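> Before I ask anything, here is the structure I am working with.
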């Protein structure tokens with residue numbers, strides 16, 4: 001099939017997209033969250049979807065359900081909250097004006113994640129209009145993704161019976177730097193840790209350095225003990241559960257062809273750890289890491305002040321790969337600290353499970369086929385992203401093995417999380433088409 | 001001799017002390033500096049001292065000279081500038097009110113260093129009044145001690161011919177926690193360094209951790225390479241020039257008898273590196289150190305933010321002992337960084353030379369003898385302080401080998417650099433007596 005949109009359909013979808021973008025919904029401050037949830041509920045209802053606002057410990061989830069009485073069900077995950085807009089003075093158009101200019105719409109949330117939410121919904125609408133929907137759909141819209149999804153797991157745990165599905169389509173996807181649609185089959189996991197060392201009640205004159213413990217030294221020694229010269233993690237057992245890529249997955253990696261030169265330019269760094277595309281992609285997608293996010297201790301102003309600081313703090317994140325377990329990794333870290341006698345307190349600030357959906361699954365085949373049909377090129381399929389999403393919540397709690405990030409309106413120049421976030425309107429229409437095509441294709445794929 | 005002060009002499013000295021304390025002279029802001037220098041010049045002149053205000057690149061030096069045509073000359077160093085007064089609301093009496101209460105005078109600078117300056121001057125006056133002065137005196141009063149003496153070295157270099165002397169009496173001294181007068185024969189040296197590592201133009205999402213360099217890791221690795229597990233410095237050649245204590249000096253150390261328990265209480269720390277007084281004093285006075293004064297990189301606010309920081313900065317101080325040379329140590333550090341391939345920039349922010357005056361010198365004998373006479377107890381004599389003063393400027397440039405910190409009005413409860421700085425008025429009078437006694441004794445000691 002080819003679900004080409006009429007001008008009227010395009011106009012209506014764009015109108016809704018802009019209306020949605022004009023509603024602030026900043027999860028960090030709470031601004032507009034409740035209004036936007038109510039708006040989404042009305043929008044779902046207007047499309048014939050049974051919709052409800054679901055209370056959580058924090059911002060509400062909006063849930064939608066549309067049954068055609070099929071054997072198969074797809075669960076569509078998006079989030080309606082957005083990042084804060086600062087620095088405001090760098091925006092060319094006000095962030096909630098949703099100004100259309102040069103074929104693009106500019107707004108906070110245009111790419112992450114409101115455009116994709118609307119595109120999928122209008123893909124569903126198109127399919128209904130054409131009488132071609134033969135899969136049940138569930139829509140789950142979170143309001144706290146940009147603040148780390150603190151209540152998603154709890155909500156899903158309490159609603160397992162209502163959320164059953166054969167596959168989950170996460171947010172993400174979109175187009176890569178070369179304009180190719182991306183299909184990403186998994187995510188890295190994460191352990192986020194804060195380390196604190198306090199040795200006294202106040203900073204001391206550094207003439208005391210020979211006799212007192214310096215908490216900055218203690219953290220430096222602990223941190224250095226966590227990695228070898230190449231950055232490989234030296235915590236006992238850290239790599240024990242790492243599952244290597246299957247041949248299928250390793251084959252997929254080859255489609256990632258960003259060169260070191262392109263990467264250096266895009267990231268604005270002086271140099272990279274690896275000189276070849278091959279080594280870069282292996283590192284990026286298959287290596288777990290231990291990263292220092294922040295370190296603070298003592299006097300850091302201008303000139304000099306001679307003190308032994310009273311305290312030191314570091315923030316660390318470990319990116320994990322299947323089948324590392326974030327809670328087990330945190331325990332291994334604590335054991336390392338204790339065993340080596342470091343006087344450091346470890347606090348867990350975040351844990352997410354790494355996930356990889358197998359390549360030979362129905363959802364992957366349907367995504368590939370539908371993407372190729374709409375975009376006219378082979379999609380870039382990657383075994384997992386280099387980053388993290390709460391995909392593990394769906395696989396672990398709901399037991400849904402088919403989980404992918406795909407279908408998105410964003411591109412490499414969309415400025416997600418930055419000023420002047422934008423989406424090319426043509427990419428918005430393509431994502432509607434892709435959604436319709438995918439929903440149409442999925443139930444036709446042989447298991 | 002016993003230079004007991006009459007009530008009239010006490011009254012006059014105290015009046016001058018209070019008048020001097022009521023003049024703000026904050027080197028950090030410049031407040032009152034010039035007025036105070038002019039006041040000192042007038043005060044010196046009124047005592048018959050040939051006085052001048054000497055311009056430097058910063059706040060002026062006040063120089064005084066009084067010759068009795070003797071073969072020997074003493075150079076008396078003090079500073080007339082004071083620390084800032086904040087936090088102002090913690091002062092019980094306004095910091096420049098010089099309020100007398102309960103036998104104490106409360107004011108910023110009461111102990112550090114205005115009281116000692118005045119006491120020495122009135123000791124000199126007493127001796128002149130009694131016709132007992134048989135040594136030439138030079139007074140050098142700095143206005144930038146509290147901001148690190150940035151212009152002292154340059155000034156002395158330009159005025160070598162005017163500053164010649166047989167011995168220098170630095171500031172410091174005063175009474176220890178047990179009320180004993182202190183005589184300190186030297187200082188540790190210092191190298192203060194800022195380390196910077198910049199890897200990119202902006203913080204990056206930490207999903208890039210597998211392929212980009214993290215400047216915080218680079219600094220952690222460099223720092224850890226500088227010391228072993230016990231904190232001993234691992235820079236090649238660092239200890240090469242360390243001159244062990246002579247037997248005389250080692251013997252002196254025994255007079256430092258502060259226990260670990262007393263130290264823990266005074267410093268407010270959880271524990272110390274050494275469990276015995278013996279080990280504490282050896283470490284405190286004879287070990288050079290490498291200390292982290294500050295470290296900053298990346299995100300250090302609440303909760304989590306997953307980034308690879310673009311830059312990291314650390315401040316380090318090395319306390320040195322005779323005969324380590326601060327400039328050579330800085331070069332050894334740079335060589336270490338280069339040789340080990342660290343991408344870190346090292347900037348020198350301060351260098352001071354360690355100094356020890358030999359025990360068997362005239363100045364030490366005269367200090368001991370005069371202190372015992374005035375205070376009735378053996379003074380505590382230490383081969384050097386655990387901290388740093390610009391003593392090396394006098395020994396290196398002027399070539400004066402006899403350099404000690406002694407004669408002071410302060411005690412362990414004087415709150416130097418803190419709110420409610422104060423001095424017991426009786427200790428002020430004792431310091432006048434001690435000054436007179438010392439000036440009287442010095443020329444009588446056989447070389």
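> For segment B:254-265, what are the residues that are in contact with a strand residue (DSSP E or B) (Cβ under 7 Å, 6 or more places away or on another chain) and either part of a loop (DSSP other than H, G, I, E, B) or touching a residue at least 40 places away in the same chain (Cβ under 8 Å) (or both)?
The answer is B:255, B:256.
> Does residue A:191 qualify as being farther than 29 Å from residue A:348 by Cβ, touching a helix residue (DSSP H, G or I) at 6+ places or on another chain (Cβ under 6 Å) and either at pLDDT below 95 or in a strand (DSSP E or B) (or both)?
Considered against the rule, which asks whether it is farther than 29 Å from residue A:348 by Cβ, touching a helix residue (DSSP H, G or I) at 6+ places or on another chain (Cβ under 6 Å) and either at pLDDT below 95 or in a strand (DSSP E or B) (or both), residue A:191 comes out as no.
> A further question follows. For segment A:312-328, how many residues are farther than 30 Å from residue B:267 by Cα and facing chain B (nearest Cβ under 7 Å)?
Of the residues in segment A:312-328, the ones farther than 30 Å from residue B:267 by Cα are A:316-328.
Pick out the ones that are also facing chain B (nearest Cβ under 7 Å) and you get A:317, A:319.
Result for segment A:312-328: 2.
> Looking only at segment B:231-249, filter to residues that are touching a residue at least 12 places away in the same chain (Cβ under 8 Å) and assigned to a helix (DSSP H, G or I); which one of those is surrounded by the most Cβ atoms within 10 Å (Cβ to Cβ)?
That would be B:249.
> Continuing with the same structure: Just to check your reading of the model, which residue among B:48, B:30 is more than 26 Å from the chain's Cα centre (by Cα) and on the phi > 0 side of the Ramachandran plot?
On the way: B:30 fails: more than 26 Å from the chain's Cα centre (by Cα).
Being more than 26 Å from the chain's Cα centre (by Cα) and on the phi > 0 side of the Ramachandran plot holds for just one of B:48, B:30, which is B:48.
> If you go through segment A:276-289, how many residues are in contact (Cβ under 8 Å) with a residue 24 or more places away in the chain, facing another protein chain (nearest Cβ under 7 Å) and not in a strand (DSSP E or B)? Walk me through it before giving the result.
Within segment A:276-289, the subset in contact (Cβ under 8 Å) with a residue 24 or more places away in the chain is A:281-282, A:284-289.
Filter once more, keeping what is facing another protein chain (nearest Cβ under 7 Å): A:284, A:287, A:289.
From what is left, the residues that are not in a strand (DSSP E or B) are A:284, A:287.
Matching residues across segment A:276-289 total 2.
> Restricting to segment A:192-220, name every residue that is within 27 Å of residue B:352 (Cβ to Cβ), at the interface with chain B (Cβ under 7 Å from one of its Cβ atoms) and within 41 Å of the chain's Cα centre (by Cα).
A:199, A:200, A:202, A:213, A:214, A:216, A:217, A:220
> What do you reckon, is residue A:10 within 27 Å of residue A:369 (Cβ to Cβ) and surrounded by 14 or more Cβ atoms within 10 Å (Cβ to Cβ)? Steps first, please.
Working: within 27 Å of residue A:369 (Cβ to Cβ): yes; surrounded by 14 or more Cβ atoms within 10 Å (Cβ to Cβ): yes.
Yes, satisfied.
> Check segment A:344-363 and report whether any residue there is away from chain B (no Cβ under 14 Å), assigned to a helix (DSSP H, G or I) and touching a strand residue (DSSP E or B) at 6+ places or on another chain (Cβ under 8 Å).
The answer is yes; a qualifying residue exists.
> Determine, yes or no, whether residue B:319 is surrounded by fewer than 24 Cβ atoms within 10 Å (Cβ to Cβ), modelled with pLDDT of 95 or more and not in a loop (DSSP other than H, G, I, E, B).
Details: surrounded by fewer than 24 Cβ atoms within 10 Å (Cβ to Cβ): no; modelled with pLDDT of 95 or more: yes; not in a loop (DSSP other than H, G, I, E, B): yes.
When the stated conditions are applied, residue B:319 does not pass them.
> State whether one or more residues within segment A:241-255 are at the interface with chain B (Cβ under 7 Å from one of its Cβ atoms), farther than 19 Å from residue B:215 by Cβ and at pLDDT 95 or above. Outline the logic, then answer.
Going through segment A:241-255, the residues at the interface with chain B (Cβ under 7 Å from one of its Cβ atoms) turn out to be none.
For segment A:241-255, residues at the interface with chain B (Cβ under 7 Å from one of its Cβ atoms), farther than 19 Å from residue B:215 by Cβ and at pLDDT 95 or above: absent.
> Now a separate question. I'd like to check something: does segment B:152-159 contain any residue that is farther than 26 Å from residue B:400 by Cβ and either more than 19 Å from the chain's Cα centre (by Cα) or in the same structural domain as residue B:419 (by TED's automatic domain parsing) (or both)?
no
> Tell me the residue from A:174, A:186 that is within 14 Å of chain B (Cβ to nearest Cβ), surrounded by 22 or more Cβ atoms within 10 Å (Cβ to Cβ) and under 21 Å from the mean Cα position of the chain (by Cα), please. Working first, answer last.
Values: A:174 fails: within 14 Å of chain B (Cβ to nearest Cβ).
Just a single option satisfies the conditions, and that option is A:186.
> Only one residue in A:154, A:123, A:131 is out of contact with any strand residue (DSSP E or B) (no Cβ under 9 Å at 6 or more places or on another chain), over 24 Å from residue A:21 (Cβ atoms) and not in a loop (DSSP other than H, G, I, E, B), so which one is that?
Values: A:123 fails: over 24 Å from residue A:21 (Cβ atoms); A:131 fails: not in a loop (DSSP other than H, G, I, E, B).
Within the list A:154, A:123, A:131, the selection yields A:154.
> Then there is this: When you go through (1) in a strand (DSSP E or B); (2) surrounded by 17 or more Cβ atoms within 10 Å (Cβ to Cβ); (3) within 13 Å of another protein chain (Cβ to nearest Cβ) one by one for residue A:389, which number turns out not to apply?
Condition (1) is where residue A:389 drops out.
> In the set B:98, B:70, B:110, which member is in contact (Cβ under 8 Å) with a residue 40 or more places away in the chain, surrounded by fewer than 19 Cβ atoms within 10 Å (Cβ to Cβ) and in contact with a helix residue (DSSP H, G or I) (Cβ under 8 Å, 6 or more places away or on another chain)? Spell out how you get there, then give the answer.
On the way: B:98 fails: surrounded by fewer than 19 Cβ atoms within 10 Å (Cβ to Cβ); B:110 fails: surrounded by fewer than 19 Cβ atoms within 10 Å (Cβ to Cβ).
Sole residue among the options that is in contact (Cβ under 8 Å) with a residue 40 or more places away in the chain, surrounded by fewer than 19 Cβ atoms within 10 Å (Cβ to Cβ) and in contact with a helix residue (DSSP H, G or I) (Cβ under 8 Å, 6 or more places away or on another chain): B:70.
> Still on this structure: Condition (residue is at pLDDT 95 or above and either out of contact with any helix residue (DSSP H, G or I) (no Cβ under 8 Å at 6 or more places or on another chain) or assigned to a helix (DSSP H, G or I) (or both)) applied to segment A:266-275: is it met by at least one residue?
no
> For segment B:221-230, give me each residue that is more than 9 Å from every other protein chain (Cβ to nearest Cβ) and either part of a loop (DSSP other than H, G, I, E, B) or at pLDDT below 95 (or both). First the steps, then the outcome.
So the first thing to find is which residues in segment B:221-230 are more than 9 Å from every other protein chain (Cβ to nearest Cβ), and the list is B:222, B:226, B:228, B:230.
Listed by number, the residues that qualify are B:228, B:230.
> Within segment B:375-382, can one find any residue that is in a loop (DSSP other than H, G, I, E, B), crowded, with 18+ Cβ neighbours inside 10 Å, away from chain A (no Cβ under 14 Å) and in contact with a strand residue (DSSP E or B) (Cβ under 9 Å, 6 or more places away or on another chain)?
yes
> Continuing with this model, one more query. I'd like the full set of residues that are touching a helix residue (DSSP H, G or I) at 6+ places or on another chain (Cβ under 8 Å), within 7 Å of chain B (Cβ to nearest Cβ) and not in a loop (DSSP other than H, G, I, E, B), limited to segment A:290-311.
Scanning segment A:290-311 gives A:291, A:292, A:293, A:294, A:295, A:297, A:298, A:307, A:308.
Here's the yes/no breakdown for (1) surrounded by fewer than 21 Cβ atoms within 10 Å (Cβ to Cβ); (2) farther than 30 Å from residue B:192 by Cα; (3) more than 26 Å from the chain's Cα centre (by Cα):
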| residue | (1), (2), (3) |
| --- | --- |
| A:278 | yes, yes, no |
| A:287 | yes, yes, no |
| A:291 | no, no, no |
| A:315 | no, no, no |
| A:338 | yes, yes, yes |
| A:345 | yes, no, yes |
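> Looking only at residues in segment B:158-171 that are at pLDDT 95 or above and assigned to a loop (DSSP other than H, G, I, E, B), which one is surrounded by the fewest Cβ atoms within 10 Å (Cβ to Cβ)?
B:164
The values are calculated or read from the model by the stated rules, or taken from the named source; none is laboratory data. Just so it is clear, the model here is predicted, and its values are computed rather than measured. Ideal geometry is used to build each Cβ from the backbone, glycine not excepted, and the neighbour counts take in all protein chains shown.
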